[in-house]
1. From the list G175, G199, which residue is out of contact with any Ser or Thr (no Cβ under 8 Å at 6 or more places or on another chain) and on the phi > 0 side of the Ramachandran plot?
2. For the range 303-346, which residues satisfy the criterion of being charged (D, E, K, R) and over 19 Å from E170 (Cβ atoms)?
3. Could you tell me whether R239 is of a type outside the set (D, E), at pLDDT below 70 and more than 22 Å from the chain's Cα centre (by Cα)?
4. Give the residues of the range 638-668 that are of a type in the set (S, T, N, Q) and modelled with pLDDT of 75 or more, sorted by residue number.
5. Among the residues in the range 561-568, are any at pLDDT 80 or above, more than 40 Å from the chain's Cα centre (by Cα) and charged (D, E, K, R)?
6. When residues of the range 135-150 are filtered for being part of a loop (DSSP other than H, G, I, E, B) and buried (at least 16 other Cβ atoms within 10 Å of the Cβ), how many remain?
7. Consider the range 36-63. How many of its residues are closer than 12 Å to L333 by Cα, hydrophobic (A, V, I, L, M, F, W, C) and assigned to a strand (DSSP E or B)?
Amino acid sequence: MAGRSRGGCEALKVVARCRPMSRREEAAGYERVLELDVKLGQVSIRNPRACPGEMPKTFTFDAVYDAGSKQVDLYDETVRPLIDCVLQGFNGTIFAYGQTGTGKTYTMQGAWAEPEKRGIIPMAFEHIFTHISRSQNQQYLVRASYLEIYQEEIRDLLAKDQSKKLELKENPETGVYIKDLSSFVTKNVKEIEHVMNLGSQTRSVGSTNMNEHSSRSHAIFLITIECSETGPDGEEHIRVGKLNLVDLAGSERQSKMGVHGERPKEASKINLSLSALGNVISALVDGKSTHIPYRDSKLTRLLQDSLGGNAKTIMVATLGPASHSYDESLSTLRFANRAKNIKNKPRVNEDPKDTLLREFQEEIVRLKAQLEKRGMLGKKRRRSSRRKKAMDGESATENEGEDDNEDGLEKNMENYLKEQKERLEEEKAAIQDDHSLVSEEKQKLLQEKEKMIEDLRKEQEATELLATKYKAMESKLLIGGRTIVDHTNEQQKMLELKRQEIAEQKRREREMQQEMLLRDEETMELRETYTSLQQEVEIKTKKLKKLYAKLQAVKAEIQDQHDEYIRVRQDLEEAQNEQTRELKLKYLIIENFIPPEEKNKIMNRLYFDGEEDQWKFQPLVPTGGNSNQMKRRPTSAVGYKRPISQYARVAMAMGSHPRYRAENIMFLELDLSPPAIFEFERSRDPAEQDPRALHLERLMHLDSLLERPVASRVRKSRSWCQTPRSLPPSTTHVSLTSSSSRAPTMPAQE
């Protein structure tokens, strides 16, 4: 991105915040080990297991907020200046770091329903859109995205398919970005809050001993603000500011968590990513490091610009005051103390090439030109129709002074289309009423009018679609200066300015007091005068004791650092052992259940992706060309239902052996047998014979036929077809097909 530096290097701003003691901690009898000096910006932590005379450890930060601080105080003094810089085109990042249950999510989000407890994120939403509504001669486009890093996998919280994993990419011009991350254009606070709530519903949370609603993933809410403003040269200049609002998962120890199932694996991944974050900060602070390990985790890669890059960054270190959280609070304080030494190089992102605002503006200009073209076409058509009416002797009144704005164009186009439709309907009715026309000619004219009406309807729909699209695109651009009409907004603006002045005054006062303490220690020796040697000995003895206490504190700090290093190393070794066990299990499965040739196929498909820093599989089918479809399987048996070998084909050609045939294995000669024909005498007068006797006679005759041998009953079709028999007229022909006549012509076995 193109940009220019303003102000050079800038240190990462670190503030500390301590939550009040919980009811569970008070009931358990834990003591308070943290002391905060809000005026000096200092946090003192006392070791509950140390000797009574041991000095507490003190850390100094840019600002400190105790248990009685309000959300609005933190926002006005620390966050508001950063949001103003983002609106000017800078990149900004705010993230909360601390142990589980210390108030990270409360600091970032708070209680949305209660105005006094709203966190940094909802107040930032209101701040951004309030600034846009008060601006003048500026166009804004605000986009929002929401993602989480769960077990080192990036997921889009706003996508419908939550199982899809997103990939990290890197561009030399724009830096690190996430491929296929969804983004929503928002026009007001309600819309962006709706986007935030949708993503929060799908975020990974769980219950542990430390926190009932513990965040099990790192969540990042990304806001992109594009601003277009006319410069002194008369050209449009675009600035793009990006705000990353990061809610980190808590650093925790599995022994205190009391977790089981998937929770230990989640905690291991969380601790590894936070450890990678600490390594990046240590490498940035240490001037001797030539390599910054941003690629050790997805979190550090996403925060690459925020840590030592092109961004203004604020870190909020959240602390727990109880004695059972001493180790975690001390680790958080040391982490924050190292982070405040990071130097960033923020700059304004001016006139980047890939801005969505520029695309929106170009699309609006194109749609407006199409609407104007249609409007001018409508004017010409109306004028020509009026001239035609005037030539026909009809009265025509022309409207001179038509509006040239968008509303006038749309209204004129609508009136023109309405007039044309009415005229076509009248002509259609006149044709139907004209009896002098031939039916064919009348039908042809009616079809032409129907076609003209249909074309007119399509043109009207296209015009309405263009107008709707134009309004939708224009509505997404937020233009300032439209709501500054009442005195209330001016008073609110003045009130916010006063709050900013008070916050700036407090910050300067805190910095002056810290500087005065340092100077008092340096000039103490120069001011002192001794009246006697005894007095000098006493004063220097006090100084010696004070220096000795500092020396002991430094030694204790070194020992604590060594213990912390051992503890971190043990955690890493435990994670490494767990991964080694999983790796051995997978190797065991591969060696015992996967054939070597299949294993070699898989190994040959592996390749290392340098951009994502991980191993991947090559596709089974090369994705060359424009078509992504898989190739069809080659035909192996043309003309046959099943594949047949070459040897079998030769054998089939040589003879009809069924061994080599895939189909038509048996050949059976079909011998058609004629139906059995028999005749019997029937009395001319049915009334002369008893029906029961007649029926009994027929059954007996049928039984006699069935008892005859098969050979005597089966006849060849040749003799049956060639020698037809003639029956006397006094007899009746009855044809019965024997069941044995359908059987194959095989000799009877006796």
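1. G175
2. Residues satisfying the conditions are K312, D327, E328, R334, R338, K340, K343.
3. Taking the combined requirement at face value, the residue does not satisfy it.
4. Within the range 638-668, S645, Q646 meet the criteria.
5. yes
6. Number satisfying all stated conditions: 1.
7. Count: 3.
Conditions tested, residue by residue: (1) out of contact with any strand residue (DSSP E or B) (no Cβ under 8 Å at 6 or more places or on another chain); (2) touching a residue at least 12 places away in the same chain (Cβ under 8 Å).
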{"position": "E170", "(1), (2)": "no, yes"}
{"position": "T174", "(1), (2)": "yes, yes"}
{"position": "S183", "(1), (2)": "no, yes"}
{"position": "H194", "(1), (2)": "yes, no"}
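The values are calculated or read from the model by the stated rules, or taken from the named source; none is laboratory data. Given the structure is predicted, the values throughout are model-derived calculations rather than measurements. Heads up, the Cβs are rebuilt from the backbone with ideal geometry, glycines too, and the neighbour counts pull from every protein chain shown.
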